[in-house]
Amino acid sequence: MSAPHPEDCPPHVHRATTLRGLAVLFWLVVFGLGLTTATDAVGLKYVQGIIWPTDLHTFAVRDTPRQLDVAILGSSRASFGLTPAVLDECLGRKLDRPTQSVNLARVFATGHTMRPIYHDLLHEDPPKLVLLAIAPEALDDTNPKMASSISGTASPTDIPGELTRARGLKETLAALRPFVRGAETLPFYLAGRHAEEARLQWIMDHHGGGQWCTGSAACDAQNDELSAVMGMRWEQAVRNVLSSIRIQHFGEYVSSEGRAFDGFIEVVQQARADGATVAVVVMPLHERFAAEIPQEARERFAATLKVLATHHQLPVYRPDVKRWVHDQRSWVDPDHLAKGASADLTRAVCRDLVAPLLTGDDPTLPDLDPRRSTEKKQPPKRLRGKR
């Protein structure tokens, strides 16, 4: 006997089949969102496929009061460029007490990324100072890595808003990732994915995260090992990254509105509401990377910095790094600082920005007007922010 043809089935059978299918889909969605909500609630949100450059999970599950002096948010440039161990060494001398700083940088981070990281990791126990370390891409709503930011940080409650603002299929799919992230997180956690690179957990536990550290033989060994691992990064970046920056990274640039800018301002407002001081550091770039950024994007970024400084009363510190921009030895690649330059930059940020803000003094800030010439001024002997 042959099976009945679908057209021969009575209407109520079709309806029952459709309802069963919708019920299965509904419960799959409920299960996916429930699992993601549960894993996030127990501190497993940042046990993900992308854990580099900082072990956010190790920080998230700390059960002791943090009492942070400084928390750094930014991208991998901040992770390489600002070293908490160096900052605490400098800041401890300035304040005449032990201090605690942490670097919570995340790969490809924008203002859109910083908002959930602040909410998830700092809102309940805010630091005295939130340091937002940015470069032009951090405020760009058209950043080509926006989909990575969405998929890595969005919570179930963010889905409607992310879908509404999605630019294209990649960002739409990224906005839907909370449906499945919990189911992905548990296998990662059970398999120990978050602990595969023990260096990240160690440096977060003992030196506040970031990539470099100082103060012990163990630090010297890890710095040497990381330097060796990064030995080929310069050539790889020149070959694979520099040629694509102008078109792929800055083919379109929107810095004063959109998700990245709005998220950035939300961090500022929330941190201030929590009682924290907020400041901005503009991260340096090697001249070869900077040369690939279109002039229009540079001008828009400079204008946005001025808006942040004037309309949002944000201290914006642009360090003078002229002596590094030509020096390949100061970089692991054209947009990430090597150990020595990172230490120098961190000390300058401490001296000119962080310590004054924490002691109530006026920080040494640059002139953010791009039209004003600084050529007639004598260059400082030491690394300082331009006045």
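The values are calculated or read from the model by the stated rules, or taken from the named source; none is laboratory data. Quantities reported herein were computed from a predicted structural model and do not represent experimental measurements. A quick note on method: Cβ atoms are made from the backbone with ideal geometry, for glycine too, and the neighbour counts reach across all protein chains shown. Note: areas computed on protein heavy atoms with side chains; ligands, DNA, RNA excluded. Shrake-Rupley method; radii C 1.70, N 1.55, O 1.52, S 1.80 Å.
Can you name every residue in the stretch 83-116 that is among the β-branched types (Val, Ile, Thr), under 29 Å from Asp361 (Cβ atoms) and not in a strand (DSSP E or B)? Reasoning before the result, please.
Of the stretch 83-116, the ones among the β-branched types (Val, Ile, Thr) are 83, 86, 99, 102, 107, 110, 113.
Subset that is under 29 Å from Asp361 (Cβ atoms): 83, 86, 99, 102.
Residues satisfying the conditions are Thr83, Val86, Thr99.
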I need the full set of residues from the stretch 308-347 which are hydrophobic (A, V, I, L, M, F, W, C), surrounded by 18 or more Cβ atoms within 10 Å (Cβ to Cβ) and more than 21 Å from the chain's Cα centre (by Cα), in order please.
Val321, Trp324
Could you list, in sequence order, all residues of the stretch 239-260 that are under 14 Å from Ala135 (Cα atoms), hydrophobic (A, V, I, L, M, F, W, C) and not in a helix (DSSP H, G or I)?
Phe250, Val254
For residues in the stretch 61-99 being open to solvent by less than 10 Å² (accessible area, probe 1.4 Å) and of a type in the set (Val, Ile, Thr), which is farthest from Ile117 (Cα to Cα)?
Val86
Residue match in the stretch 168-177 (condition: modelled with pLDDT of 90 or more, farther than 21 Å from His119 by Cα, open to solvent by 60 Å² or more (accessible area, probe 1.4 Å) and among the charged types (D, E, K, R))
yes
So Arg272 fits all but one of (1) surrounded by 12 or more Cβ atoms within 10 Å (Cβ to Cβ); (2) touching a residue at least 12 places away in the same chain (Cβ under 8 Å); what number is the exception?
(2)
Given the conditions (1) under 22 Å from the mean Cα position of the chain (by Cα); (2) over 30 Å from Ile159 (Cβ atoms), and given that Thr214 satisfies all but one, which numbered condition is not satisfied?
(1)
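Could you list, in sequence order, all residues of the stretch 153-173 that are assigned to a helix (DSSP H, G or I) and in contact with a Ser or Thr (Cβ under 7 Å, 6 or more places away or on another chain)? I'd like the intermediate steps shown before the answer.
Initial filter on the stretch 153-173 (assigned to a helix (DSSP H, G or I)): 153, 156-165, 169-173.
Correct list: Thr153, Pro156, Leu163.
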Those residues of the stretch 307-359 which are assigned to a helix (DSSP H, G or I), in contact (Cβ under 8 Å) with a residue 60 or more places away in the chain, charged (D, E, K, R) and more than 15 Å from Gln211 (Cβ to Cβ) amount to Arg347, Arg351
What's the number of the only condition in (1) free of Cβ contacts under 8 Å to residues at least 24 places away in the same chain; (2) on the phi < 0 side of the Ramachandran plot that Gly192 fails to meet?
(2)
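Among the listed residues Ala198, Ala183, which satisfies the condition of being surrounded by fewer than 15 Cβ atoms within 10 Å (Cβ to Cβ) and either basic (Lys, Arg) or touching a Leu at 6+ places or on another chain (Cβ under 9 Å) (or both)? Before the answer, list the steps.
Working: Ala198 fails: either basic (Lys, Arg) or touching a Leu at 6+ places or on another chain (Cβ under 9 Å) (or both).
Criteria check complete, one pass: Ala183.
Condition (residue is open to solvent by less than 60 Å² (accessible area, probe 1.4 Å), within 27 Å of Leu68 (Cα to Cα) and at pLDDT below 90) applied to the stretch 238-247: is it met by at least one residue? Let's see the steps before the verdict.
Let us first name the residues in the stretch 238-247 that are open to solvent by less than 60 Å² (accessible area, probe 1.4 Å), namely 238, 241-242, 244-245.
From what's left, within 27 Å of Leu68 (Cα to Cα): none.
No: the stretch 238-247 contains no residue that is open to solvent by less than 60 Å² (accessible area, probe 1.4 Å), within 27 Å of Leu68 (Cα to Cα) and at pLDDT below 90.
Of the residues that sit in the stretch 121-149 and are more than 12 Å from the chain's Cα centre (by Cα) and in a strand (DSSP E or B), which one is surrounded by the most Cβ atoms within 10 Å (Cβ to Cβ)?
Here is the first cut: in the stretch 121-149, the residues more than 12 Å from the chain's Cα centre (by Cα) are 121-130, 136, 140-144, 147.
Those left that are additionally in a strand (DSSP E or B): 129-130.
Values: Leu129: 21, Val130: 26.
Filtering first and then ranking leaves Val130.
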Does Arg288 satisfy the condition of being closer than 28 Å to Arg239 by Cα and open to solvent by 20 Å² or more (accessible area, probe 1.4 Å)?
yes
